[in-house]
Each structure stands twice: as structure tokens, then as C-alpha cells.
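Novice: Below: one structure in C-alpha cells.
The values are calculated or read from the model by the stated rules, or taken from the named source; none is laboratory data. All values derive from a computational prediction rather than experimental measurement. Neighbour counts are summed over all protein chains in view; Cβ atoms, including those assigned to glycine, are modelled from backbone coordinates with ideal geometry.
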Amino acid sequence: MSDSIKISMRVPGTSPMPELLDMIRQIEQSGFDGAGILDSQMICRDTFVTMGLAASATSTLRLFPAVTNPFGRIPSVLAGAAQTVAELAPGRTRFIIGTGYTSASTIGRRPATLRQMRRCITEVKALLAGETVDYNGMSNRLDFAGSDGGHGVPVLMAASGPRSLELAGEVADGALALVGYTPGIVGQALEHLETGAKRSGRTLEDLDIVFAVRTCVADSNDEARRLARPVAVHWGLLWGGPNWLPYSDIEMPDYEIPQAVRDVYPDLGHAPNWEEAIELTQFVSDDVNTQLCDALGLIGTAEHCTQRIMEMARHGVKQLYLMPCLTFAPPHAEVRAFGERIIPALAGNL
């Protein structure tokens, strides 16, 4: 992988463990920098067990939960789990935490609040640093903090809105930003991160910043955009996009969203019947869908995706976390496309 751009791949734990480990080995062999292991307890195999086994099965790949949350495990358990993995993969373990999405909805609860995020991140960072934390009148510390040889475990916060980005900039070691992928959107996201960083006397240079992008690679741009329709429309009209599209060049029509789109379970972007979801989004024109796909991530041919990565690198995007449009399917096609065509092309041009 080029020193100029680092690319990680999302890995859903929906396959049996032997297949999951084979996929992670393939990701390393294909030239990726890292692998993010989904944490959704009712859908995926246990994240930290998977990370521990992956640490022993790989030698260079950076490993991280993508993403864990403050309610599935209490902060002291999270810190202990992260430090345990770091012993197996010293210097290549990250800890990424967010408010929870399917991990919350599948157990009938709401995602964590930003207040809960602040408290959890602060506590996990302190424990990993070997500091003492107060628990209901009792003070204690993580006995094996630093057991990875002192490499440390960076704590990043997953953030998709302005307030969460500012919190990440203020209290975390960095951010996994799911905001979109245009120069204007990236610039605005960096401003929010910088605002938060200033609150704690830091700058953007002090932060580890990764941009999460949706991806779908196909033999033609049209086919990739067709396949990505449910994700692009869901983001652009129902989740996330309304916060960020004003900073892009897209002028969104005032669509009336069909009730059938709103009724898809658990939501349009995670539809169990993908072809049906594609049909449900036909009320959005092909032109608007194309713009949404480009604003959201890397959706098109391998050549198109390579050019977009090179363009956005000039706007400060040096780390990418790839989220294939089929959220819970093994990313075989994406790993193959990036490993065989996109990563080699980048190495020769960045």
C-alpha cells in the first residue's frame, strides 16, 4: 500500500469463523492497511474474539472494531478487551467506538447519547493509559495497561454529524468520519473536528482521521450506481446526507418519499431484498442517484474509484475505511477489485 493513502476494509462477522479468518488473511495479502470488524452482537460473531484470532493470523494488518459501543460492554470491559488484543498485535490495534446502530436496534434500545460517548471515551482512554478511574466510590486501574510493550491503543470516535465530530476532536485520539466524500463536505467535516480539537488545546495534526466511504465496484459505472441505489438514496434523503449535501454541488429535488421506502426493515440501506429495494428507489432520477453515489463514496468501475481516491487525496483524505454497499455480505468482490486493480494503480500514482 502506498505511504500516501491507507485503506482499510470492513469485515462483517456474518460468516463462520474459519471463513472469516480466511477473508481477513486475504485482505492483508491484497495490500490493505487494516480491517475493521463489525460489532453487532445479534448479527455478527464476537468482535474482540475475531480480532484476537485475526491478530494471530496476520502480521501487518491493523485491526479495530468498526465500531463498538458504550452499552454492549461497559467501559472497563472494553478497555480490557482492547488491551488484550494489543498484546497479540502490538502497534497495529485501534479502538473505534460509536453510538451504536444495529447493535442498539436489535435489542430494542436507542443509540448512546453524546454525553454517554464522552464519558466512555474518557474512561477507556484513562484505563488504557494506566490511570486510575473512580467507580461508585472505588478507585481502580487496568492492571495490564501497557502490556503491548507501550505501543498504545489509539481511541477513535465514529462520527456522522457536526456535534459528534466536534466531540471526537475534543476527547478522542481521532475520528472515523462517515460524512460523505466531496471536497466541500470533507472541508466542512475537518472544520468541525478542528473546533473540537481547539477545546482541548490541540490541532487537526494531533488527530488520527479516517474517512468512511461506501463502495461498490462493478464493470460499468451505471451498474455500480444501480446496485448502490438503496444506500445512496437512504443516505441522501433519510440519514446523514441532509447534514452534508449543502456543502456539495448537489441540488436535491424536493422528493416525496414513498411510505414503502420508509417501511423497509430494518431500513432501506440494510434491506434484506436488495433488488426490491432498488426498485423502490426508482422515484429518484438516475442523474440525482449518480450525484449521490459520488458524494457518498467510491461507486463505479475500478478506474473511476482510483481517480476519485487520487482526487480526494489532494483534498486531505489520507485514510479510507471502505464500507461495501451490501452491509452484511462478505466483501469478496471489493477485496478482489481493490487488491488486483485499485491498490496497485494507486501505488504507481501517489
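Novice: Between residues in the stretch 224-250 that are on the phi > 0 side of the Ramachandran plot and residues that are of a type outside the set (Phe, Trp, Tyr) and not in a helix (DSSP H, G or I), which pairs lie under 7 Å by C-beta distance while being six or more apart or on different chains?
Specialist: 240/160; 240/178
Novice: So residue 327 clears everything in (1) surrounded by 21 or more Cβ atoms within 10 Å (Cβ to Cβ); (2) under 20 Å from residue 66 (Cβ atoms) except one condition, right? Which one?
Specialist: Among (1) surrounded by 21 or more Cβ atoms within 10 Å (Cβ to Cβ); (2) under 20 Å from residue 66 (Cβ atoms), residue 327 violates only (1).
Novice: Which numbered condition trips up residue 168, out of (1) touching a Pro at 6+ places or on another chain (Cβ under 9 Å); (2) surrounded by 24 or more Cβ atoms within 10 Å (Cβ to Cβ)?
Specialist: So the condition that residue 168 fails would be (1).
Novice: Within the stretch 87-130, how many residues turn out to be in a loop (DSSP other than H, G, I, E, B) and among the aliphatic types (A, V, I, L, M)?
Specialist: Let us first name the residues in the stretch 87-130 that are in a loop (DSSP other than H, G, I, E, B), namely 89-92, 94, 98-101, 106-113, 129-130.
With among the aliphatic types (A, V, I, L, M) added as a condition, the list becomes 89, 107, 112, 129.
Residues that pass the stated criteria total 4.
Novice: Residue under question is residue 28, and the condition is that it be in contact with a Ser or Thr (Cβ under 9 Å, 6 or more places away or on another chain), over 16 Å from residue 212 (Cβ atoms) and at pLDDT 95 or above; does it hold? Write out each step before concluding.
Specialist: Numbers: in contact with a Ser or Thr (Cβ under 9 Å, 6 or more places away or on another chain): yes; over 16 Å from residue 212 (Cβ atoms): yes; at pLDDT 95 or above: yes.
Yes; evaluated as a whole, the condition is true for this residue.
Let's see how each residue does on (1) in contact with a Leu (Cβ under 7 Å, 6 or more places away or on another chain); (2) of a type in the set (Asp, Glu); (3) over 23 Å from residue 165 (Cβ atoms):
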| position | (1), (2), (3) |
| --- | --- |
| 227 | no, no, yes |
| 242 | no, no, no |
| 246 | no, no, no |
| 249 | no, yes, no |
| 253 | no, no, yes |
| 267 | no, yes, no |
| 277 | yes, no, yes |
| 292 | no, no, no |
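To keep it simple, each residue is scored yes or no on (1) of a type in the set (D, E, K, R); (2) surrounded by 12 or more Cβ atoms within 10 Å (Cβ to Cβ).
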{"residue": "197", "(1), (2)": "no, yes"}
{"residue": "234", "(1), (2)": "no, yes"}
{"residue": "261", "(1), (2)": "no, yes"}
{"residue": "265", "(1), (2)": "no, no"}
{"residue": "281", "(1), (2)": "no, yes"}
{"residue": "287", "(1), (2)": "yes, no"}
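Novice: Just to be sure, is residue 202 over 20 Å from the mean Cα position of the chain (by Cα), part of a helix (DSSP H, G or I) and either more than 30 Å from residue 170 (Cβ to Cβ) or of a type in the set (Lys, Arg) (or both)?
Specialist: Taking the combined requirement at face value, the residue does not satisfy it.
Novice: Under the condition of being in a loop (DSSP other than H, G, I, E, B) and of a type in the set (Gly, Ala, Ser), which residue from the stretch 302-330 is modelled with the highest pLDDT?
Specialist: First, the residues of the stretch 302-330 that are in a loop (DSSP other than H, G, I, E, B): 314-318, 325-330.
Among the residues that remain, those that are also of a type in the set (Gly, Ala, Ser) are: 316, 329.
Values: 316: 93, 329: 90.
That would be 316.
Novice: Restricting to the stretch 154-185, name every residue that is among the small types (Gly, Ala, Ser), touching an Asp or Glu at 6+ places or on another chain (Cβ under 7 Å) and outside any strand (DSSP E or B).
Specialist: Residues of the stretch 154-185 that are among the small types (Gly, Ala, Ser), as a first pass: 158-161, 164, 168-169, 172, 174-175, 177, 180, 184.
Cutting the leftovers down to touching an Asp or Glu at 6+ places or on another chain (Cβ under 7 Å) gives us 169, 174.
Passing the criteria: only 169.
Novice: Which one is farthest from residue 80 (Cα to Cα) among residues in the stretch 20-39 that are of a type outside the set (A, V, I, L, M), in contact with a Pro (Cβ under 8 Å, 6 or more places away or on another chain) and buried (at least 23 other Cβ atoms within 10 Å of the Cβ)? Don't jump to the end; show me each part of the working.
Specialist: Here is the first cut: in the stretch 20-39, the ones of a type outside the set (A, V, I, L, M) are 22, 25-26, 28-34, 36, 39.
Imposing the further condition that a residue be in contact with a Pro (Cβ under 8 Å, 6 or more places away or on another chain) reduces the set to 31, 36, 39.
Now restrict to residues that are buried (at least 23 other Cβ atoms within 10 Å of the Cβ): 36, 39.
On the way: 36: 18, 39: 16 Å.
So the residue we want is 36.
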